[in-house]
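Working notes for the structure below.
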Ligand code: FES
Ligand code: FES
């Protein structure tokens, strides 16, 4: 087993760990207790494992942990502080976009990146769809997820 | 008052913050991982198995084959045990098998220190087979010299019923007759969390299984049967579940996890299916092949429906013929005044096993019914919507299956509401001249009926325990299972409504543990708000009475003068006067040395009613004839689910069902090679479930009837939304193009054939 020491910022805190070079970022984050990273397929099809890498949503199951060296990683665990939910988390709950919840952390991270990227711009449902196309949800039919994103944009 | 409000779901924050723990999020030190050795052929007998290379891999702890498992046949179908042997599911499988019946059948299992090692080792196991003919069509399955997929033969079940009068007379009386053959494909649930369970033993006697299951109490019984191990020494824990849709109403991995921990001296062993295994080696929806006939009077009154269906259950029965039975029965209350005959057969076949899936046979049967209704309407020259309005049931019609009146039948109102919402009449006129050229526009409508539970076929019981805490809050343990549909939240709403205790003070323990959770058969058949709701109501009444009685005891205010309001007991006539706070009352009950005790209520109740629920879909589409593509411009589901307990959650259920049905109608299909039984697309790229790009805006509405047999006026809603969108889409494609599709999915590949045949391309 070949290991390498990597360091990165995870949800605002510095991390420095030795990782097996074969491991995905999904495995490393889950091993570290960041269980919001879900595995729905393991091969980049479903988006349940989405985290932000330098502000961009990635499927962590097909992202090698060693690539995270020097990067800033965000997972949904870091989005609420001191019992206060992020705007996106609140919007998902209020819109009814949470059912079984398995896709939810990944979707919330994709939306978080979307909202930050398009802040203040006029966006339509087609753009929301296009930029959330990497996340699958089987429970909601996506309708309330789109509503949640719209409501975030309205407030921004 | 909490019922009827869109209160926030109890688990929303846990899920939105990533704190909700699912089965895979629990780890135990020393956990072993088990991976199946699966057959590479669809039908045959294993002649040799060599585990030497696999066993030599460092980290492999054990390999078990079909020779090692108990000689016990069991059924994985998550039904309550039936005291009627004819209602029991076929006990047709062992934990591992020598006779492989589909590509991916379970021959052996490797236990190793990590999943990676186990997967590598499983690939190193060498298996040789005597191949048998692969049987995948009714003709070859039933051929005289066909090999037997199971010793009992290739027919899993067959039945027929006829209601509403004499069929031959109805045929004679019909001025318009029509018939067609239809087909629905094998589709899969695609819950985002794959099947997963792990087992361990705390001592020498007791097995614990933690599982992503819809049916913890039933799973416990089936594990007990499969292992011949006492049920009282098995405990099943259900944490949060990442969707089920019926696939987890089957014990796909639990008995194996339990057996492996037994074999491994109590060490924790996890069985975690990959997406590929979940798609083709767990459960699917039964594909139906069928023939339907219908007849109507000169004036457009429906006289009869005559349906013949063949359902393919795949390699093992699982829910087997129960699917075709339930599908036929539940569809009967749509047109209850017609003569209805239904004949169905379920066949084993060498393809993935089909089991329970949202709608449980009804989507397939309703696809037949609503197609033939459309054909009759057109044949008799009636507008398809008018034809339905004339013939659907109304409140007071007799349910032909039990000869009792239907107490709430809101289908007609649903149709009328849909007509307005989609602007049916206006668009019909508008689209008259949009029936030629490449882009054609059309409208479609389809109805459905469903049930609220399984009674009287199976027992319908639910149990609930309520405990008053020291701070005046209430804990509820319900045997019913939260799998994402929101049952915990609506139970809390119901409790608040009936007791008067504020909703914020009611907590439902979401984790099920069969050692503590009262008995309930679980999440299926859209039964929980209806069946579970009745037990919740009774327990809430009991809890309220006990609290008020205790208030009377310590305050002297008589019980008829006081009520609970939020976190206080107050005077009924003067609610501003506090008699005692709930907290003070609870502390007194817990800690007073000479009186009181923990205030609890516990109810186990069997429901002996089953309310049919109704609804319909309206859809407005464009068809690109050259591309053979359907574009949904507007789609509505309208439901009579009785009183709506939580509108936001209810809409969520409807949207989810609609998207699944749209997927089944337009793109979803497990592609199975006829000759080899090979599944071509068991992954989420090639299996075309809808992405966010494929979904139109989804809209819905409710017609709120007040069902008297339910404690809160409510009827089923979990599964119904998945039934009518597919036939509505089919009817819309026909309306737009004049070419009649008879199969789903209406993928471009299939529509090309239909359009070609009808000469429009
Ligand atoms: S688990 Fe990473 S995309 Fe599915
Ligand atoms: S909420 Fe269940 S998959 Fe999205």
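The values are calculated or read from the model by the stated rules, or taken from the named source; none is laboratory data. Because the structure is a prediction, the values reported are computed rather than measured. Every residue, glycine as well, gets a Cβ built from its backbone with ideal geometry; the counts of neighbours run over all protein chains shown.
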Can you confirm whether residue A:33 is away from ligand 1 (no atom under 11 Å from the Cβ), surrounded by fewer than 17 Cβ atoms within 10 Å (Cβ to Cβ), assigned to a loop (DSSP other than H, G, I, E, B) and more than 13 Å from chain B (Cβ to nearest Cβ)?
no
Quick one: in region A:47-56, of everything that is touching a helix residue (DSSP H, G or I) at 6+ places or on another chain (Cβ under 9 Å) and either assigned to a loop (DSSP other than H, G, I, E, B) or within 16 Å of ligand 2 (Cβ to nearest atom) (or both), which residue is farthest from the other protein chains (Cβ to nearest Cβ)?
A:55
Return the only residue of A:62, A:28 being under 27 Å from residue B:13 (Cβ atoms), modelled with pLDDT of 95 or more, within 14 Å of ligand 1 (Cβ to nearest atom) and touching a strand residue (DSSP E or B) at 6+ places or on another chain (Cβ under 8 Å).
A:28
Consider region A:42-59. How many of its residues are more than 9 Å from ligand 1 (Cβ to nearest atom) and either surrounded by fewer than 17 Cβ atoms within 10 Å (Cβ to Cβ) or free of Cβ contacts under 8 Å to residues at least 12 places away in the same chain (or both)?
3
Looking only at region B:624-649, how many residues end up being touching a strand residue (DSSP E or B) at 6+ places or on another chain (Cβ under 8 Å) and over 21 Å from residue A:144 (Cα atoms)?
7
Restricting the search to region B:24-50, which residues are part of a loop (DSSP other than H, G, I, E, B) and either free of Cβ contacts under 8 Å to residues at least 12 places away in the same chain or touching a helix residue (DSSP H, G or I) at 6+ places or on another chain (Cβ under 8 Å) (or both)?
B:27, B:29
For region A:76-123, which residues satisfy the criterion of being in a loop (DSSP other than H, G, I, E, B) and at the interface with chain B (Cβ under 7 Å from one of its Cβ atoms)?
A:80, A:85, A:96, A:98, A:99, A:100, A:101, A:102, A:103
Could you please let me know if residue B:135 is touching a helix residue (DSSP H, G or I) at 6+ places or on another chain (Cβ under 7 Å) and farther than 25 Å from residue B:323 by Cα?
no
Quick check on my filter: what residues within region B:681-699 are more than 22 Å from the chain's Cα centre (by Cα) and at the interface with another protein chain (Cβ under 8 Å from one of its Cβ atoms)?
B:685, B:692, B:693, B:697
Would you call residue A:72 surrounded by fewer than 24 Cβ atoms within 10 Å (Cβ to Cβ), under 15 Å from the mean Cα position of the chain (by Cα), more than 12 Å from every other protein chain (Cβ to nearest Cβ) and over 22 Å from residue B:10 (Cβ atoms)?
yes
Please go through region B:606-618 and pick out each residue that is over 24 Å from residue B:697 (Cβ atoms) and in contact with a strand residue (DSSP E or B) (Cβ under 6 Å, 6 or more places away or on another chain).
B:606, B:612, B:613
Filter region A:110-156 down to residues that are within 16 Å of ligand 1 (Cβ to nearest atom) and either out of contact with any helix residue (DSSP H, G or I) (no Cβ under 6 Å at 6 or more places or on another chain) or on the phi > 0 side of the Ramachandran plot (or both), then give me how many there are.
7
Test residue B:527 against the stated conditions and say whether it is modelled with pLDDT of 95 or more, surrounded by fewer than 24 Cβ atoms within 10 Å (Cβ to Cβ) and outside the structural domain of residue B:369 (by TED's automatic domain parsing).
no
Filter result (touching a strand residue (DSSP E or B) at 6+ places or on another chain (Cβ under 6 Å) and within 14 Å of chain A (Cβ to nearest Cβ)) within region B:27-65:
B:31, B:33, B:35, B:59
A careful count of residues in region A:126-141 that are in a helix (DSSP H, G or I), farther than 18 Å from residue A:58 by Cα and within 7 Å of chain B (Cβ to nearest Cβ) gives 0
Scan the strands (runs of 3 or more DSSP E) fully inside region B:551-668 and keep the ones with 1 or more residues being over 30 Å from residue B:520 (Cα atoms).
B:562-565, B:568-571, B:578-581, B:613-624, B:629-640
Checking the conditions here, which among B:677, B:652 is at pLDDT 95 or above and either within 13 Å of chain A (Cβ to nearest Cβ) or touching a strand residue (DSSP E or B) at 6+ places or on another chain (Cβ under 9 Å) (or both)?
B:652
Is it fair to say residue A:44 is closer than 22 Å to residue A:142 by Cβ, within 13 Å of chain B (Cβ to nearest Cβ), assigned to a loop (DSSP other than H, G, I, E, B) and more than 16 Å from ligand 2 (Cβ to nearest atom)?
yes
Of the listed residues (B:185, B:197, B:219), the one being surrounded by fewer than 24 Cβ atoms within 10 Å (Cβ to Cβ), away from chain A (no Cβ under 14 Å) and under 21 Å from the mean Cα position of the chain (by Cα) is B:185
Condition broken by residue B:403, with the remaining ones in (1) closer than 30 Å to residue B:289 by Cα; (2) in contact (Cβ under 8 Å) with a residue 24 or more places away in the chain satisfied:
(2)
